[in-house]
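Take this structure, written in structure tokens, and hold onto it; I'll ask about it next.
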Ligand SMILES: Nc1ncnc2c1ncn2[C@@H]1O[C@H](COP(=O)(O)OP(=O)(O)OP(=O)(O)O)[C@@H](O)[C@H]1O
Ligand SMILES: [Mg+2]
């Protein structure tokens, strides 16, 4: 077979192929390999595979950035050839890697859910006992006795704890979805109006960008409201000294895309992969459940939730399936 034909075949492969000599210098790389490594063929001589593949491991996963600045997870495998040379195969496993991460996230959510529901249950019963006792005391103490205020305070705090526990139950065992056709614009507008006062108080301008016609989605509107509320509150909390919050709604074929942009402090890159984890919070009074609950709700709707962030601000993007059956 002609050598050019061999190169042509190698270049058309969706897998990266590289040949290295005994010193690790790269003698050949096909188009996919160059693309994965984000370099031009002319700069191939600068690459040494020892920097990519560790000596002791034959298989390795690595993050690479392509020329288009796309991030890829690539599996490298090395096969020693006769004469000290080696063959390196690079496989793009970005999608597999993302799926693995998602499964891991769902798993973690389920475990934490079980744990919290167990603990919450154990706390609720004695708490109910304490409340009944406090109420009995309240009845015995005359209203004009200054100690009556203490008892009221105890009861108020018990109620607060009970509410917190209910939140945990919600998290542990999310109720069944009641999916129906609903107007997503209305759901968004309703939710935005709930944070309007808080936003104004914090010198935050809200700008809304919606299509003129109604767009229907197949969803449980209460649940979607909860998701948006979490995102909107986070946005407001990120702009401690004022800013602008933009809410966009876009139609995208069979789905809708909701974007919430803030001009807040942004999310540092080193914590970005953890913000959807249950109980991950950077706020002194945060619980860290807002985004993990939102993540689960969106997944239950076969949608997606992603984030883009820089020092200039953050954008949360939620996609949900449109209701096309009308
Ligand atoms: N718009 C945003 N700007 C900057 N950081 C954000 C934004 N949204 C989320 N984060 C980061 O993600 C973390 C997790 O968010 P999440 O909503 O899950 O929890 P929380 O807001 O800390 O607490 P909770 O929502 O339970 O009160 C936050 O603590 C914050 O560090
Ligand atoms: Mg939050």
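Could you check, for region 210-217, whether at least one of its residues is away from ligand 2 (no atom under 16 Å from the Cβ), touching a residue at least 40 places away in the same chain (Cβ under 8 Å) and surrounded by fewer than 17 Cβ atoms within 10 Å (Cβ to Cβ)? Break it down stepwise before answering.
Quick first cut of region 210-217, residues away from ligand 2 (no atom under 16 Å from the Cβ) only: 210-217.
The next check asks that each one be touching a residue at least 40 places away in the same chain (Cβ under 8 Å); those that pass are 211, 215-217.
Next cut, surrounded by fewer than 17 Cβ atoms within 10 Å (Cβ to Cβ) only: 211.
Yes, region 210-217 contains at least one residue that is away from ligand 2 (no atom under 16 Å from the Cβ), touching a residue at least 40 places away in the same chain (Cβ under 8 Å) and surrounded by fewer than 17 Cβ atoms within 10 Å (Cβ to Cβ).
Which number in (1) at pLDDT below 95; (2) within 9 Å of ligand 1 (Cβ to nearest atom); (3) in a helix (DSSP H, G or I) marks the one condition that residue 279 misses?
In the conditions (1) at pLDDT below 95; (2) within 9 Å of ligand 1 (Cβ to nearest atom); (3) in a helix (DSSP H, G or I), residue 279 misses (3) alone.
Go over the candidates 61, 42 one by one and state the one that is part of a helix (DSSP H, G or I) and either out of contact with any strand residue (DSSP E or B) (no Cβ under 8 Å at 6 or more places or on another chain) or modelled with pLDDT under 90 (or both).
Values: 61 fails: part of a helix (DSSP H, G or I).
That would be 42, the only listed residue that is part of a helix (DSSP H, G or I) and either out of contact with any strand residue (DSSP E or B) (no Cβ under 8 Å at 6 or more places or on another chain) or modelled with pLDDT under 90 (or both).
Output the number of residues of region 228-276 satisfying the condition of being more than 9 Å from ligand 1 (Cβ to nearest atom), out of contact with any strand residue (DSSP E or B) (no Cβ under 9 Å at 6 or more places or on another chain) and closer than 29 Å to residue 186 by Cβ.
1
Kindly indicate whether any position in region 65-82 is part of a helix (DSSP H, G or I) and either outside the structural domain of residue 277 (by TED's automatic domain parsing) or more than 17 Å from residue 34 (Cβ to Cβ) (or both).
Going through region 65-82, the residues part of a helix (DSSP H, G or I) turn out to be 82.
Next cut, either outside the structural domain of residue 277 (by TED's automatic domain parsing) or more than 17 Å from residue 34 (Cβ to Cβ) (or both) only: 82.
Yes, region 65-82 has at least one match.
Okay, moving on. Report the residue count in region 248-273 for those that are on the phi < 0 side of the Ramachandran plot and surrounded by 14 or more Cβ atoms within 10 Å (Cβ to Cβ).
Keep residues of region 248-273 that are on the phi < 0 side of the Ramachandran plot, which gives 248-252, 254-265, 267-273.
With surrounded by 14 or more Cβ atoms within 10 Å (Cβ to Cβ) added as a condition, the list becomes 248-250, 255-265, 267, 272.
Qualifying residue count, region 248-273: 16.
Identify the residue in region 274-287 that is more than 12 Å from ligand 2 (Cβ to nearest atom) and free of Cβ contacts under 8 Å to residues at least 60 places away in the same chain and, among all such residues, is surrounded by the fewest Cβ atoms within 10 Å (Cβ to Cβ).
Selected residue: 284.
Can you tell me which residues in region 288-315 are within 7 Å of ligand 1 (Cβ to nearest atom) and either under 10 Å from the mean Cα position of the chain (by Cα) or without any contact (Cβ under 8 Å) to a residue 24 or more places away in the chain (or both)?
Those that are within 7 Å of ligand 1 (Cβ to nearest atom) and either under 10 Å from the mean Cα position of the chain (by Cα) or without any contact (Cβ under 8 Å) to a residue 24 or more places away in the chain (or both): 288, 291, 292.
Give the number of residues within region 254-272 that are without any contact (Cβ under 8 Å) to a residue 40 or more places away in the chain and within 24 Å of residue 320 (Cα to Cα).
Residues in region 254-272 being without any contact (Cβ under 8 Å) to a residue 40 or more places away in the chain and within 24 Å of residue 320 (Cα to Cα): 1 in total.
The values are calculated or read from the model by the stated rules, or taken from the named source; none is laboratory data. Bear in mind that the values here come from a model prediction, so they are computed numbers and not experimental data. Glycine gets a Cβ as well: all are built from the backbone with ideal geometry, and neighbour counts include every protein chain shown.
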